[in-house]
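Below: the structure, in structure tokens.
The values are calculated or read from the model by the stated rules, or taken from the named source; none is laboratory data. All values reported here derive from a predicted model rather than from experimental measurement. Heads up, the Cβs are rebuilt from the backbone with ideal geometry, glycines too, and the neighbour counts pull from every protein chain shown. These area figures cover heavy atoms from the full protein model, side chains too; ligands, DNA and RNA do not enter into them. Shrake-Rupley method; radii C 1.70, N 1.55, O 1.52, S 1.80 Å.
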Amino acid sequence: MKANRYLAEHATLLVVAVVLALVPLGLGGSAHYLRIATLMLIYMGYAVAFNIIFGHTRQLFLCVGALAGSAAYVSVVLVIKMSWSPWATIPLGILTAAILGGVFSYVSVRRGLGVIFVGIVTLVFSMIFHNLVLGLRDLTNGETGIDTKGLGPGVLEPGLGSYYVILGVLMVCLVIYHLLMRSRAGTAFRAIADDEFAAELAGIDVTMYKVLAASAGSALIGAIGAIYAYYGGFINPTVYALVSVDIVVLVTLLLGGMGTLLGPVLGGVLFTVLDEVVRPLGQLNVLVYGVLMIVLVVTFRHGLIAVLRKLTRIRIP
Amino acid sequence: MVAILIDGIVQGLQLSLMAVGITLIYGLGGVLNLAHGQFAVVGGIAAALCLEAGANPLVACAIGILGAGVFGLLVDRTLLLPAYRSAGEDRLLLGLLITLGLSFVVNGYLDYRYANISLTIKLATPSFEVAGITVRSASAVAACIAMVAFALLFAFLKATLLGKVIRSIIQNEVGAGLCGINPGRIRTLIVTLSAMMAGLGGVVQGLFSSLGTEMGNELTSFALIVAVVGGVRSINGTLAAGVLLGIVNAFASYYVGAYLTLIILLATAAFTILLRPAGLFASRT
């Protein structure tokens, strides 16, 4: 029984990797669509990480964009000002994001903050980050942003190579997620999500596991944010704003299904398709995101995976 | 110096107008309204449209405030129902996400439809002098409006039976229900009232400088900071926090620049939550 369940998850990971690897073949070499597909991978990655934080331990981090941005700015600014190698600064950026996420989590658990106050504190952090980047003009160039470039031939330069590099990163995120969930920590996460109080009484160290979830998730967010900085060729505060990242990630995760392995991936595909459909509406797409979010929160809280599970009667991971 | 102080107090009063709505809706409905600034913008833009159609400024402002109220009523009776149906942590989360979604809907629509419209109300006499200090008449009018609104609100809450009912629900919803109070109806009243006060805040913003469609998020975040620092369940605290932060804002913007000021305000809010979650002026934490 147990071996069988892991088999299903391994098979799912393999199928995801193969299907996503085949996507560029279906795009017929269009650079525009390749870029959209790559962006889809980026948002899937954010959603996988956010899933660990919010989906499993109920910590509403409204600062996905700000965490990704912190990692990106730490990495890029060190490269530009100190002329270090991006290979050294990306891990530093990841570390920054992980520490920030861990500290938020530790402080909120220690102070016994409810979900809403965690939301407010992280929202406030998002705004502080935004204003800090705008204010520290000498380092960050403010609203104008900083131009970045790839990491050498094929790596994170626009083109097919980068798609596979980022796909690799996404698969690493998914594998980390899978390993985390099948470990002792995964069991603890499930207990905490069901009933935090009961988990504490059962002898689970709630503080440690919540902080673990938050810092692991934040590290992944930071990794993707920093990598995106080099792939995108340009960073400014808007790239990592609440509207550009957090909302998309929330909608993606809600669409796919919280607390599932496949949810962020399916949600990412659906969201990208939807986004393409509403693109002709121009500025109205913000409205569409909002409507989508309300509808999803109210009627579709368990996501696509739950529906599929019910329809096919198969245990989808 | 005095001019900055007056500016700060007036701005603080305006922020309190917005923040008190967040406090009331959270205290009574258990929903943290992240679309509160959008209520103000809806009211302000409605007033601006009336002004453009050639209406008397007073009538236009009244329509704007009423418009915000109607919008609040609609939101309460439709969008927030699923949140009210659940309880505890679920209601908080649902309310937060629904209003966040709503703020994007309003932003998206207004930016698309009324991008070029903004509310600016000009008074006949731009400024006058009191004891050698030049006071903008807009500031004076704004301060008067805000103070009258607060006086009315306090009188309503302290002196009328309905006000007593409202305070009882804020203290203990179950207990109030046991005394035969219907929280649902009172909630609708309060959301409408709060939306109207937000609309008033929007109009005051138009009086003070100008109100555009893109200002919703900014107003929401300022109001949220004030509500948090004042304590999300205390109305007196909200008023005090509004004036205090208004003064801090005015002086800091003058001396250290806008970005740093906002960071100071945001950090104040963050530390308040962490150190005194019931608010800076709460008698006990």
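Somewhere in the stretch B:101-110, is a residue modelled with pLDDT under 85 and either within 27 Å of B:Met215 (Cβ to Cβ) or in contact with a Lys or Arg (Cβ under 6 Å, 6 or more places away or on another chain) (or both)? Looking through the stretch B:101-110, none of the residues is modelled with pLDDT under 85 and either within 27 Å of B:Met215 (Cβ to Cβ) or in contact with a Lys or Arg (Cβ under 6 Å, 6 or more places away or on another chain) (or both). The criterion of being within 13 Å of another protein chain (Cβ to nearest Cβ), open to solvent by 10 Å² or more (accessible area, probe 1.4 Å) and in contact with a Leu (Cβ under 6 Å, 6 or more places away or on another chain) holds for B:Phe222. Look at (1) surrounded by 15 or more Cβ atoms within 10 Å (Cβ to Cβ); (2) away from chain A (no Cβ under 14 Å) and you find that B:Ala270 fails only one, number (2).
Take the conditions (1) closer than 23 Å to B:Gln171 by Cβ; (2) out of contact with any Lys or Arg (no Cβ under 8 Å at 6 or more places or on another chain); (3) of a type in the set (Phe, Trp, Tyr); B:Phe71 misses just one of them, which is (1).
Residues in the stretch B:86-98 that are closer than 11 Å to B:Gly29 by Cα and assigned to a helix (DSSP H, G or I): B:Arg91, B:Leu92, B:Gly95. For the stretch B:6-16, indicate whether the set of residues that are within 17 Å of B:Val191 (Cα to Cα) and not in a loop (DSSP other than H, G, I, E, B) is non-empty. So far as the stretch B:6-16 goes, yes, one or more of its residues are within 17 Å of B:Val191 (Cα to Cα) and not in a loop (DSSP other than H, G, I, E, B). Here's a check for you: in the stretch A:74-95, which residue that is surrounded by 22 or more Cβ atoms within 10 Å (Cβ to Cβ) and within 17 Å of the chain's Cα centre (by Cα) is nearest to A:Leu60 (Cα to Cα)? The qualifying residue nearest to A:Leu60 (Cα to Cα) is A:Ile94. Condition check: at pLDDT below 90, surrounded by 14 or more Cβ atoms within 10 Å (Cβ to Cβ) and in contact with an Asp or Glu (Cβ under 7 Å, 6 or more places away or on another chain). Does A:Gly150 satisfy that? Answer is yes for this residue. Would it be correct to say that B:Gln38 is polar (S, T, N, Q), open to solvent by 20 Å² or more (accessible area, probe 1.4 Å) and assigned to a helix (DSSP H, G or I)? No, not satisfied. When the stretch B:103-143 is filtered for residues that are touching a residue at least 60 places away in the same chain (Cβ under 8 Å) and either within 9 Å of chain A (Cβ to nearest Cβ) or β-branched (Val, Ile, Thr) (or both), the ones remaining, listed by number, are B:Ser103, B:Val106, B:Asn107, B:Asp111, B:Ala115, B:Ile117, B:Thr120, B:Ile121, B:Ile133, B:Thr134, B:Val135, B:Val141.
Among the residues of the stretch A:42-63, not a single one is modelled with pLDDT of 90 or more, over 23 Å from A:Leu212 (Cα atoms) and either open to solvent by 10 Å² or more (accessible area, probe 1.4 Å) or among the basic types (Lys, Arg) (or both).
Evaluate the following for A:Arg313: is it under 24 Å from A:Tyr6 (Cα atoms) and open to solvent by 50 Å² or more (accessible area, probe 1.4 Å)?
Yes, satisfied.
Going through (1) without any contact (Cβ under 8 Å) to a residue 60 or more places away in the chain; (2) within 22 Å of B:Val203 (Cα to Cα); (3) more than 9 Å from chain A (Cβ to nearest Cβ); (4) assigned to a helix (DSSP H, G or I) one by one, B:Leu162 falls short only on (2). If you go through the stretch A:280-299 and keep only what is open to solvent by 60 Å² or more (accessible area, probe 1.4 Å) and more than 12 Å from A:Ile247 (Cα to Cα), you end up with A:Pro280, A:Leu281, A:Gln283, A:Val295, A:Thr299.
Which ones in the stretch B:193-216 are of a type in the set (S, T, N, Q) and either crowded, with 23+ Cβ neighbours inside 10 Å or within 12 Å of the chain's Cα centre (by Cα) (or both)?
Residues satisfying the conditions are B:Ser194, B:Gln205, B:Thr213.
Looking only at residues of the stretch B:1-30 that are crowded, with 24+ Cβ neighbours inside 10 Å and touching a Ser or Thr at 6+ places or on another chain (Cβ under 7 Å), we find that the one that is nearest to B:Ala250 (Cα to Cα) is B:Val10.
Screening B:Leu96 against (1) within 14 Å of chain A (Cβ to nearest Cβ); (2) among the hydrophobic types (A, V, I, L, M, F, W, C); (3) surrounded by fewer than 13 Cβ atoms within 10 Å (Cβ to Cβ) leaves a single unmet condition, (3). Of all residues in the stretch A:116-136, those that are within 7 Å of chain B (Cβ to nearest Cβ) and over 22 Å from B:Ser253 (Cβ atoms) have Cβ atoms under 8 Å from Cβ atoms of residues that are open to solvent by 20 Å² or more (accessible area, probe 1.4 Å) and part of a helix (DSSP H, G or I), 6 or more apart or on another chain, in A:Ile116/B:Leu92; A:Ile116/B:Leu93; A:Val121/A:Phe104; A:Val121/A:Val107; A:Val121/B:Leu274. Return the residues of the stretch B:41-74 that are at pLDDT below 90, of a type in the set (A, V, I, L, M) and assigned to a helix (DSSP H, G or I); say none if nothing qualifies. Answer for the stretch B:41-74, where residues must be at pLDDT below 90, of a type in the set (A, V, I, L, M) and assigned to a helix (DSSP H, G or I): B:Leu51, B:Leu58.
For (1) closer than 30 Å to A:Gly145 by Cβ; (2) in contact (Cβ under 8 Å) with a residue 12 or more places away in the chain; (3) in contact with a His (Cβ under 9 Å, 6 or more places away or on another chain), each residue gets a yes or a no:
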| site | (1), (2), (3) |
| --- | --- |
| A:Phe189 | no, yes, yes |
| A:Glu196 | no, yes, no |
| A:Gly232 | yes, yes, no |
| A:Val239 | yes, yes, no |
| A:Val245 | yes, yes, no |
| A:Gly257 | no, yes, yes |
| A:Val286 | yes, yes, no |
